[in-house]
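Contents: one structure, followed by commentary.
The values are calculated or read from the model by the stated rules, or taken from the named source; none is laboratory data. Remember, predicted model here, so these are calculated numbers, not experimental data. Here the Cβ positions follow ideal geometry from the backbone for every residue, glycine too, while neighbour counts run over all protein chains shown.
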Amino acid sequence: MESDYKDLIPQLDKEKLPQHIAIIMDGNGRWAQAHKMKRVNGHKAGVKVVKQMVETAREIGLKYLTVYAFSTENWGRSDYEVNYLLKLILDSLINEIDELTNNGVNIHFLGSKERLPKGYEKKVEENCRRSWENSELFLNVAMNYGGRQELVEAVKKIAASAVSGELAIADIDGNTISDNLYTAGMPDPDLIIRTSGEIRLSNYLIWQSTYAEFWFTETLWPDFTRSEFIQAIIDYQNRKRRFGKRK
């Protein structure tokens, strides 16, 4: 039962919490089809789960949470589904921003500005800005996000700096790339959770996930529970992370 998650929290080692958890929220469409609903109803149900995960992250003291809301590949879906998703994400932000801000959540949208409807980015920033003094939990919404696109944009910025003379080519290293990603200034994810039984990254945080631990579940996103979220962290804490080194 969902209430059981509180029984799992004492099993967490608060000294070994991951700094940053990223989630691939997969399975909304299949959930809707299984319940004989339109696909968009699955997305609507999934928003409620995001709220639960944010609340649970705050409760256990997690510092960074990143959720994959809309990928650069999602533009390939029907116009109806795309428009519904864009509106749902923006409306959810507007409806929840007061509560998020009052609860100490700092929210940012990460992703490309290309193809977004006119005025969309401005509305997102106007709402998110109200939370930017907070530091209890940093919530990142990967919106119009693609890992390859992120790297392309980073390379362009680095190249421009090199051409202008601000940056010497010999000084370009991994930190230079990290500093020019959407996630600049944030720790890389320690744990990536993916729902729905699929086992792949799907163009998500491909630079940042180099040494992330992965946790996969067959559960479709609208059915994902706080208990599973806590269980994923417990499993993470029981792993040995060597980062390619011998201990």
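Of the residues making up segment 165-196, those that are without any contact (Cβ under 8 Å) to a residue 24 or more places away in the chain, in a loop (DSSP other than H, G, I, E, B) and either within 25 Å of N106 (Cβ to Cβ) or out of contact with any helix residue (DSSP H, G or I) (no Cβ under 7 Å at 6 or more places or on another chain) (or both) are G165, E166, A168, D173, D179, A184, G185. Pairs please, first residue from segment 209-226 and within 13 Å of V50 (Cα to Cα) and among the acidic types (D, E), second anywhere and buried (at least 16 other Cβ atoms within 10 Å of the Cβ) and modelled with pLDDT of 95 or more, Cβ atoms under 6 Å, 6+ apart in sequence or on different chains. Between residues of segment 209-226 that are within 13 Å of V50 (Cα to Cα) and among the acidic types (D, E) and residues that are buried (at least 16 other Cβ atoms within 10 Å of the Cβ) and modelled with pLDDT of 95 or more, there is no close pair.
For segment 7-34, filtering for residues that are within 21 Å of L85 (Cβ to Cβ) and either within 20 Å of the chain's Cα centre (by Cα) or surrounded by 18 or more Cβ atoms within 10 Å (Cβ to Cβ) (or both) leaves 10. Taking segment 35-55 as the search range and keeping residues that are under 15 Å from the mean Cα position of the chain (by Cα) and not charged (D, E, K, R), which one is farthest from L220 (Cα to Cα)? Among those that are under 15 Å from the mean Cα position of the chain (by Cα) and not charged (D, E, K, R), it is V54.
Look at A32 and say whether it is outside any loop (DSSP other than H, G, I, E, B), touching a Gly at 6+ places or on another chain (Cβ under 6 Å) and farther than 30 Å from R241 by Cα. Answer is yes for this residue. The set of residues in segment 223-247 that are assigned to a helix (DSSP H, G or I) and either in contact with a helix residue (DSSP H, G or I) (Cβ under 6 Å, 6 or more places away or on another chain) or buried (at least 16 other Cβ atoms within 10 Å of the Cβ) (or both) comprises D223, R226, S227, E228, F229, I230, Q231, A232, I233, I234, Y236, Q237. The set of residues in segment 121-154 that are farther than 15 Å from I97 by Cβ, part of a helix (DSSP H, G or I) and touching a residue at least 24 places away in the same chain (Cβ under 8 Å) comprises G147, R148, Q149, E150, L151, E153, A154. Restricted to segment 176-195, and to residues there that are over 18 Å from F138 (Cα atoms) and crowded, with 22+ Cβ neighbours inside 10 Å, the residue that is farthest from the chain's Cα centre (by Cα) is T195.
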